[in-house]
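**Student:** Can you read through this structure? Questions will come right after.
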Amino acid sequence: MAKRKTKAEKPMLPVFGDMPPDGFTYQVSEVKATYEETLMLEATTLWDYPKQSYGKTSKGNNKYPGVTPAFIIWNLVQRYTQPGDLVVDPMAGSGTTIDVCKEQGRQVIGYDIAPAHPEVIQNDARNVPLEDNSVDMMFIDSPYSDNIRYSDNPDCIGKISCEDERFFEELEKVAKEAYRILKPGKVLGWLIGDQWVKKKFTPVGFKLYQCLSKYFETVDVVCVVRRGQSSNTGLWYNRARRFNFYLRGFKYLLIMRKPDSNSVQKEEARSVKWASYERGKTKRKKPKLKMESGNIATSG
Ligand SMILES: C[S@@+](CC[C@H](N)C(=O)[O-])C[C@H]1O[C@@H](n2cnc3c(N)ncnc32)[C@H](O)[C@@H]1O
């Protein structure tokens, strides 16, 4: 006879049918414990951080509206920079990028139109006072629309709605500056989310991706689970079901690289072709695996 599951063996997943308002909070605290112990490089394109920061010291200010989860920056810094490299965040807000980079032994400069951290320098992201080809990595978590009031500064791009094309024109100016100051072959990580307001969906992520693609080549696109939003309540979950809309569940992390003609040549030189490989003792025709640009081609 099948053993009945005890309470302790039941999976800790939220039950969406009758989830109490604090359903997610409970779930989150379970995951929190795991993250406390392990700060690991992400291996997939789905990233989920139940809390904003890690470690003994805070990274940025978790009370700042739209603060970035520090784990995102940590992952990018680990993957795409070396100790001593220069990282720049032109929309640094409460300074999460500064705090992460300093702890990791990277040089860092953070700018913002309305700084909220003592080391963030006041500057407009559309005109960065740095030389061409001088930066090793950039991170940007820009406004996604006019949904958050960051400051009263009239040059804040977060005062323009993403339903207005001007929003993307201004972000394109930021993208051009990023392209100008990054060294060839170096990486820009840009966090962005879509908008659904008053029954109108705006694909902010796709539109920004389209814009960035004019200048950069794509390394990858990551989905980051959205947490800590004011709509993360039972009331909003019920509204979403009742009035037939979806709450925003994720953001895009667009990982882009400034093209480098040398790196293309290097990649071609690294190309490996695997003719075939032994697999068990069967006499079946062996499958051919092709490895291009150092990556095994996979599907699905
Ligand atoms: C999502 S927040 C960034 C949060 C930041 N990464 C943190 O962890 O605190 C977006 C930031 O863009 C800034 N911003 C908006 N327009 C800007 C502009 N024209 N130049 C520089 N910063 C700007 C806002 O002041 C805001 O701090």
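**Student:** Any idea which residue in region 212-237 is surrounded by the fewest Cβ atoms within 10 Å (Cβ to Cβ), counting only those that are touching a residue at least 24 places away in the same chain (Cβ under 8 Å) and assigned to a helix (DSSP H, G or I)?
**Tutor:** Checked region 212-237; the qualifying residue surrounded by the fewest Cβ atoms within 10 Å (Cβ to Cβ) is L235.
**Student:** What are the residues in region 157-196 that are acidic (D, E) and more than 17 Å from K258 (Cα to Cα), if any?
**Tutor:** Applying the first criterion (acidic (D, E)) to region 157-196 yields 163-165, 169-170, 172, 177, 194.
Selection gives E163, D164, E165, E169, E170, D194.
**Student:** In region 238-261, what count of residues is obtained for those that are assigned to a loop (DSSP other than H, G, I, E, B) and of a type in the set (S, T, N, Q)? Show your work before the answer.
**Tutor:** Taking region 238-261 as the starting set, the residues that turn out to be assigned to a loop (DSSP other than H, G, I, E, B) are 243-249, 258-260.
Within this subset, residues satisfying the condition of being of a type in the set (S, T, N, Q) are 244.
Count: 1.
**Student:** Here is a follow-up. Does Y209 meet the test of being over 22 Å from P65 (Cα atoms), part of a helix (DSSP H, G or I), under 16 Å from the mean Cα position of the chain (by Cα) and touching a residue at least 40 places away in the same chain (Cβ under 8 Å)?
**Tutor:** yes
**Student:** Additional query: If I ask for residues that are of a type in the set (G, A, S), touching a Phe, Trp or Tyr at 6+ places or on another chain (Cβ under 9 Å), within 8 Å of the ligand (Cβ to nearest atom) and part of a loop (DSSP other than H, G, I, E, B), which ones from region 129-178 would you list? Spell out how you get there, then give the answer.
**Tutor:** In the first step, residues of region 129-178 are kept if they are of a type in the set (G, A, S); the result is 134, 142, 145, 151, 158, 161, 175, 178.
Now drop any that are not touching a Phe, Trp or Tyr at 6+ places or on another chain (Cβ under 9 Å), which leaves 142, 145, 158, 161, 175, 178.
Retained after the next criterion (residues that are within 8 Å of the ligand (Cβ to nearest atom)): 142, 158.
Selection gives S142 alone.
**Student:** Moving on to the next point. Can you tell me how many residues in region 62-88 are of a type in the set (A, V, I, L, M, F, W, C) and within 9 Å of the ligand (Cβ to nearest atom)? I'd like the intermediate steps shown before the answer.
**Tutor:** Looking only at region 62-88, we keep the residues that are of a type in the set (A, V, I, L, M, F, W, C), and these are 67, 70-74, 76-77, 86-88.
With the extra rule that they be within 9 Å of the ligand (Cβ to nearest atom), the set shrinks to 67, 70, 73.
Within region 62-88, residues that are of a type in the set (A, V, I, L, M, F, W, C) and within 9 Å of the ligand (Cβ to nearest atom) number 3.
**Student:** Here's another thing I want to ask about it. Can you tell me which residue among G105, G93 is crowded, with 19+ Cβ neighbours inside 10 Å, touching a Gly at 6+ places or on another chain (Cβ under 9 Å), not polar (S, T, N, Q) and not in a helix (DSSP H, G or I)? Write out each step before concluding.
**Tutor:** Working: G105 fails: crowded, with 19+ Cβ neighbours inside 10 Å.
Step by step, each of G105, G93 is checked, and only G93 is crowded, with 19+ Cβ neighbours inside 10 Å, touching a Gly at 6+ places or on another chain (Cβ under 9 Å), not polar (S, T, N, Q) and not in a helix (DSSP H, G or I).
**Student:** Listed residues K207, K198; which is modelled with pLDDT of 95 or more, among the basic types (K, R) and more than 18 Å from R79 (Cβ to Cβ)?
**Tutor:** Numbers: K198 fails: modelled with pLDDT of 95 or more.
Unique residue meeting the criteria: K207.
**Student:** Kindly provide the set of residues from region 115-134 that are among the acidic types (D, E), surrounded by fewer than 18 Cβ atoms within 10 Å (Cβ to Cβ) and farther than 19 Å from V187 by Cα, ordered by number. Break it down into steps so the answer makes sense when it comes.
**Tutor:** To start, the set of residues in region 115-134 that are among the acidic types (D, E) comprises 119, 124, 131-132.
After this cut, where a residue has to be surrounded by fewer than 18 Cβ atoms within 10 Å (Cβ to Cβ) as well, the list is 119, 131-132.
Matches in region 115-134: E119 only.
**Student:** Further question on the same structure: Determine the pairs where a residue that is assigned by TED's automatic domain parsing to the domain that holds H117, located within region 86-100, has a partner that is polar (S, T, N, Q) and assigned to a loop (DSSP other than H, G, I, E, B) with Cβ atoms under 6 Å apart, the partner being 6 or more residues away or on another chain.
**Tutor:** Listed by first residue and then by second, the contacts come to M91/S142; S94/N61; T96/T68.
**Student:** Test each condition in (1) out of contact with any helix residue (DSSP H, G or I) (no Cβ under 9 Å at 6 or more places or on another chain); (2) in a loop (DSSP other than H, G, I, E, B) for K183 and report the one that comes out false.
**Tutor:** That leaves (2) as the condition not met.
**Student:** Starting from region 113-132, take each residue that is among the polar types (S, T, N, Q) and list its partners that are exposed (fewer than 13 other Cβ atoms within 10 Å of the Cβ), counting only C-beta distances under 9 angstrom and pairs at least six apart or across chains.
**Tutor:** N123/P129
**Student:** Condition test on R149, is it at pLDDT 95 or above, surrounded by fewer than 21 Cβ atoms within 10 Å (Cβ to Cβ) and under 26 Å from Q52 (Cα atoms)? Write out each step before concluding.
**Tutor:** Details: at pLDDT 95 or above: yes; surrounded by fewer than 21 Cβ atoms within 10 Å (Cβ to Cβ): yes; under 26 Å from Q52 (Cα atoms): yes.
Criteria met by R149.
**Student:** It is to be established whether one or more residues within region 56-63 are assigned by TED's automatic domain parsing to the domain that holds P143 and in contact with a strand residue (DSSP E or B) (Cβ under 6 Å, 6 or more places away or on another chain). Steps first, answer last, please.
**Tutor:** Going through region 56-63, the residues assigned by TED's automatic domain parsing to the domain that holds P143 turn out to be 56-63.
From the residues that got through so far, the ones that are in contact with a strand residue (DSSP E or B) (Cβ under 6 Å, 6 or more places away or on another chain) too are none.
There is no residue in region 56-63 that is assigned by TED's automatic domain parsing to the domain that holds P143 and in contact with a strand residue (DSSP E or B) (Cβ under 6 Å, 6 or more places away or on another chain).
**Student:** Could you please find all residues in region 89-128 being more than 8 Å from the ligand (Cβ to nearest atom) and of a type in the set (A, V, I, L, M)?
**Tutor:** I98, V100, V108, I109, V120, I121, V128
**Student:** Taking the criterion of being more than 27 Å from Q82 (Cβ to Cβ) and basic (K, R), would at least one residue in region 149-163 satisfy it?
**Tutor:** As a first pass, look at region 149-163 and keep what is more than 27 Å from Q82 (Cβ to Cβ): 149-163.
Then drop every residue that is not basic (K, R), which leaves 149, 159.
There is at least one residue in region 149-163 that is more than 27 Å from Q82 (Cβ to Cβ) and basic (K, R).
The values are calculated or read from the model by the stated rules, or taken from the named source; none is laboratory data. What you see is a predicted model; the values in this text were computed from it and never measured. Positions of Cβ are generated from backbone atoms using ideal geometry, with glycine treated the same way; all protein chains shown enter the neighbour counts.
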